[in-house]
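Visitor: Here you go, one structure.
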Amino acid sequence: MEQLLTANVASSMYWLGRYLQRLEGTLYEINKAYDLIIDVDRKAGTALYKKFNIDLKYVSAMDFLHKAIRGKHPANLGEMMLQARENAIISRAYIDSIAFGEIIALNNMFQTLQTKRSHIDCNDLDKALSLILIIWGAHAHRGHRRSSDYFFKLGKLVEEVDLRLRLGKEKAMTELILKEINAAIQILNPDLDIFENCPEEYIEEIPYSIVECIYATIDKLIIEE
Amino acid sequence: MLEKSTKLHKKFWDIFAQQDRHKIDEFQRYMDKFAVNFNLYKDGNFIEQSLPFDVIPRIIPKKEFNKIEKGLIQRVTALNLFLEDLYTDAKIVKDGVIPKEFIESASGFLKEFVGFSPSKKVRTHINGIDLVKDSSDDEWVILEDNLRVPSGASYPLSIRDTYRKIYPDFFENLKIEPIKNYPKIITDAMEYVNTGGINVVLTPGRFNSAYYEHSYLAQEIGAQLVRAHELVVIDKKVYFKNYNGKKIRVGAIYKRLDDEFLDPKFFNPDSLIGVPGLVEAYLAGNVALLNAIGNGVSDDKGIYYFVPKMIEYYLNEKPILKNAPTYLPYFKEDMDYVMDNMEKLVIKDVAEAGGYGVLFGHSLTAIQIKDLKATIKAEPRRFIAQELIEFYDEKCYLDRKLQDRKADFRAYVVMGEEVKVWNCGLTRYALQEGNYLVNSSQGGGFKDTWVMEL
């Protein structure tokens, strides 16, 4: 029997997956840029944040780290985590309890890092990435996958595609993830297909517009009345 | 004053002495990590916070609990019979046991529901009965009946698991009654009255003070947690709206909101947290509501006065558990007593709950007493007065030292095919020394309750 789920919970699971993946993806990119800023490319951080449509200014690698994590911009990691926590609280009955606890811990960590007096270094990024791995792991270890798990997975994959397209990453892998997204959607509703109603050129070129096709399909998947 | 220590207490303290007390901090970490919250609104702001927890459990010997259990089963059975009678034949009124005008003036009495009998005639499905142990005679005394939306069971349930992880020695070496059966008791009660369909828990939403509990219980009892707009009433039947647009019939709703907000078409038209048409579906017998609409009449502190009489009237038995000595200023003799003895009495507004509307005569100034007397004379039905019960303190480990605090006990009594008392409950303690108000909404904390035998 299919799992019963309100649209609110389905949507929260999806967004939880998205925010966690956004956090993870951003942390990896911050880590890479930080390393480049030190002695390879002083402008690596600026270039990264330009892809997020953010004009980020910094004077050193450490300053970049601070501004990336707690700067007042739309990619502020504390805000990202607050959103993840909110979605986790709404859908907690469907989340592995260890994963839920780590989401709260991760949020607490980022809220602490938002305070001006707190020191930030790369260890914090490593700690955060470890917690995210625990969350993915704790959630993935459940034997029987339910609809709520697929919404979580869907959110993660959609965010992955979004980030890859923003950063202009390798096309072949993006295509694979798109297929995975379609498979998850079809498990949830066999009548839906992201490629079916998507203009051909979107698929072939994989420009950013394919994300619009995914969103349109998800709107049909989660019916909010 | 503390209760006389028993052999059970000694066993507890012997083990406690051997434990690493630094581990106590782990309880708070657990509560924070798993957001075991009781939220508050303060100065218009929503504050998420955990309920203060104390590690020293209340210990109730099994033999003593058995008596409480019998008394609670008797009381809830009588209260259910009372509500069913009141909303159908009202024999208890016709026979003069409770004055008619006393019922009609109860804010929780909903005359629109007279003549309606809910599924299986069960009205008091999930009940929280507040008791204290009187230090003058060692007897348990009922302070309040909560037959509308009693909350709190999730907190001991959550913390017991943590207790077992942090301090397993207690559970290995003491005979402590297990408590994991609570969700099953609730599920059984829901299934018993279910009119055909799924079970749901109806929450006002994410920003309700007890949202954690709603979410926790829904998960534990295997019901869907829903907000009002996730249900829809079609042809007097209630449906759950699934994410894919399918509508699934609902047979029982564990509602976690007050009657007045339940259905904007029937009650408060401004309610945004109610389900339009729900009352119609309920009155058509197409859905069970836990607890029944109209139970508020029995939460009225004035009606509480009559519960011992109900037990005698309906069951022809003597009450096993007694009420606190209570006076109704509505009756002249009681009014005279209240006026002459206000300084030593506790005055309660009958329609309030959560520790609100409670005044202790001994802490009032002469002017306040004068004003209160005038108010009571003008509105005698609005108040009850009770003798101040010197109930026992419980030992609490606060600020890294043992301290005594007043503590009550909320027992959970569930009625389905039969009436069951959960082998645990919510022991609430006052944060300040000497304070008699232990309610969570008044800043009180909670402890685990261990029903034990030697």
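Visitor: Quick check on segment B:116-128. Is at least one of its residues of a type in the set (Val, Ile, Thr), buried (at least 21 other Cβ atoms within 10 Å of the Cβ) and within 21 Å of residue B:63 (Cα to Cα)?
Guide: In the first step, residues of segment B:116-128 are kept if they are of a type in the set (Val, Ile, Thr); the result is B:122, B:124, B:126.
Subset that is buried (at least 21 other Cβ atoms within 10 Å of the Cβ): B:122, B:124, B:126.
Restricting the remaining residues to those that are within 21 Å of residue B:63 (Cα to Cα) gives none.
For segment B:116-128, residues of a type in the set (Val, Ile, Thr), buried (at least 21 other Cβ atoms within 10 Å of the Cβ) and within 21 Å of residue B:63 (Cα to Cα): absent.
Visitor: Please go through segment A:39-62 and pick out each residue that is part of a helix (DSSP H, G or I) and surrounded by 14 or more Cβ atoms within 10 Å (Cβ to Cβ).
Guide: So in segment A:39-62, the residues part of a helix (DSSP H, G or I) come out as A:39, A:44-50, A:61-62.
Of everything in segment A:39-62, those that are part of a helix (DSSP H, G or I) and surrounded by 14 or more Cβ atoms within 10 Å (Cβ to Cβ) turn out to be A:44, A:45, A:46, A:48, A:49, A:61, A:62.
Visitor: Return the residues of segment A:80-133 that are over 24 Å from residue B:217 (Cβ atoms), in a helix (DSSP H, G or I) and charged (D, E, K, R); say none if nothing qualifies.
Guide: Scanning segment A:80-133 gives A:124, A:126, A:127.
Visitor: Could you look through segment A:105-126, keep only residues that are under 24 Å from residue A:137 (Cα atoms) and of a type in the set (D, E, K, R), and pick out the one that is farthest from the other protein chains (Cβ to nearest Cβ)? Write out each step before concluding.
Guide: Filtering segment A:105-126 for residues under 24 Å from residue A:137 (Cα atoms) gives A:105-111, A:122-126.
Filter once more, so that each one left must be of a type in the set (D, E, K, R): A:124, A:126.
On the way: A:124: 18, A:126: 20 Å.
The residue in question is A:126.
Visitor: Filter segment B:130-143 for residues that are of a type in the set (D, E, K, R) and surrounded by fewer than 20 Cβ atoms within 10 Å (Cβ to Cβ) and give the result.
Guide: Let us first name the residues in segment B:130-143 that are of a type in the set (D, E, K, R), namely B:130, B:133-134, B:137-139.
Result: B:134, B:137, B:138, B:139.
Visitor: Then there's this: Out of all the residues in segment B:240-253, which are more than 8 Å from chain A (Cβ to nearest Cβ) and either touching a residue at least 24 places away in the same chain (Cβ under 8 Å) or assigned to a helix (DSSP H, G or I) (or both)?
Guide: First, pick out the residues of segment B:240-253 that are more than 8 Å from chain A (Cβ to nearest Cβ): B:246-247, B:249-253.
Residues satisfying the conditions are B:249, B:250, B:251, B:252, B:253.
Visitor: Additional query: Residues that are among the acidic types (Asp, Glu): find the strands (runs of 3 or more DSSP E) completely inside segment B:404-454 holding 1 or more of those. Step through it out loud before you land on a result.
Guide: Working: elements: B:419-421, B:426-429, B:445-453.
The strands (runs of 3 or more DSSP E) meeting that bar are B:445-453.
Rundown of residues vs (1) in the same structural domain as residue B:330 (by TED's automatic domain parsing); (2) of a type outside the set (A, V, I, L, M); (3) under 18 Å from residue A:225 (Cα atoms), yes/no style:
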{"residue": "B:203", "(1), (2), (3)": "no, yes, no"}
{"residue": "B:207", "(1), (2), (3)": "no, yes, no"}
{"residue": "B:214", "(1), (2), (3)": "no, yes, no"}
{"residue": "B:231", "(1), (2), (3)": "no, no, yes"}
{"residue": "B:246", "(1), (2), (3)": "no, yes, yes"}
{"residue": "B:266", "(1), (2), (3)": "no, yes, no"}
{"residue": "B:277", "(1), (2), (3)": "no, yes, yes"}
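Visitor: Still on this structure: Check residue A:3 against each of (1) at pLDDT 95 or above; (2) polar (S, T, N, Q); (3) more than 12 Å from the chain's Cα centre (by Cα) and name the one condition it does not meet.
Guide: Against the list (1) at pLDDT 95 or above; (2) polar (S, T, N, Q); (3) more than 12 Å from the chain's Cα centre (by Cα), residue A:3 comes up short only on (1).
Visitor: If residue A:190 passes every condition in (1) at pLDDT below 90; (2) on the phi < 0 side of the Ramachandran plot but one, which one does it miss?
Guide: (1)
Visitor: Examine segment A:88-104 for a residue that is more than 13 Å from every other protein chain (Cβ to nearest Cβ) and buried (at least 22 other Cβ atoms within 10 Å of the Cβ), and state whether such a residue exists.
Guide: Initially, segment A:88-104 is screened for residues more than 13 Å from every other protein chain (Cβ to nearest Cβ), giving none.
No, there is no match, as no residue in segment A:88-104 is more than 13 Å from every other protein chain (Cβ to nearest Cβ) and buried (at least 22 other Cβ atoms within 10 Å of the Cβ).
Visitor: Restricting to segment A:134-178, give me the number of residues that are part of a helix (DSSP H, G or I) and either closer than 19 Å to residue A:35 by Cβ or among the acidic types (Asp, Glu) (or both). Full working, then the answer.
Guide: Pass one, segment A:134-178, residues part of a helix (DSSP H, G or I): A:134-140, A:147-167, A:171-178.
The next check asks that each one be either closer than 19 Å to residue A:35 by Cβ or among the acidic types (Asp, Glu) (or both); those that pass are A:149, A:159-160, A:162-163, A:167, A:175.
Residues flagged as part of a helix (DSSP H, G or I) and either closer than 19 Å to residue A:35 by Cβ or among the acidic types (Asp, Glu) (or both) within segment A:134-178 amount to 7.
Visitor: Return the total of residues in segment B:144-179 being in a loop (DSSP other than H, G, I, E, B) and not β-branched (Val, Ile, Thr). Steps first, please.
Guide: The initial filter retains those residues of segment B:144-179 that are in a loop (DSSP other than H, G, I, E, B), namely B:147-153, B:167, B:174, B:177-179.
From what is left, the residues that are not β-branched (Val, Ile, Thr) are B:147-148, B:150-153, B:167, B:174, B:177-178.
Matching residues across segment B:144-179 total 10.
Visitor: If I ask for residues that are touching a helix residue (DSSP H, G or I) at 6+ places or on another chain (Cβ under 8 Å), in a loop (DSSP other than H, G, I, E, B) and under 20 Å from residue B:423 (Cα atoms), which ones from segment B:111-143 would you list?
Guide: B:124, B:125
Yes/no per residue for (1) under 23 Å from residue A:136 (Cα atoms); (2) away from chain B (no Cβ under 14 Å):
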residue: A:13; (1), (2): yes, no
residue: A:17; (1), (2): yes, yes
residue: A:28; (1), (2): yes, yes
residue: A:33; (1), (2): no, yes
residue: A:48; (1), (2): no, yes
residue: A:56; (1), (2): no, yes
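Visitor: I would also like to ask the following. Can you name the number of the only condition in (1) of a type outside the set (Lys, Arg); (2) loosely packed, with under 14 Cβ neighbours inside 10 Å; (3) free of Cβ contacts under 8 Å to residues at least 12 places away in the same chain that residue B:390 fails?
Guide: Failed condition: (3).
The values are calculated or read from the model by the stated rules, or taken from the named source; none is laboratory data. What you are looking at is a predicted structure, and each value in this text was computed from that prediction instead of being measured. A quick note on method: Cβ atoms are made from the backbone with ideal geometry, for glycine too, and the neighbour counts reach across all protein chains shown.
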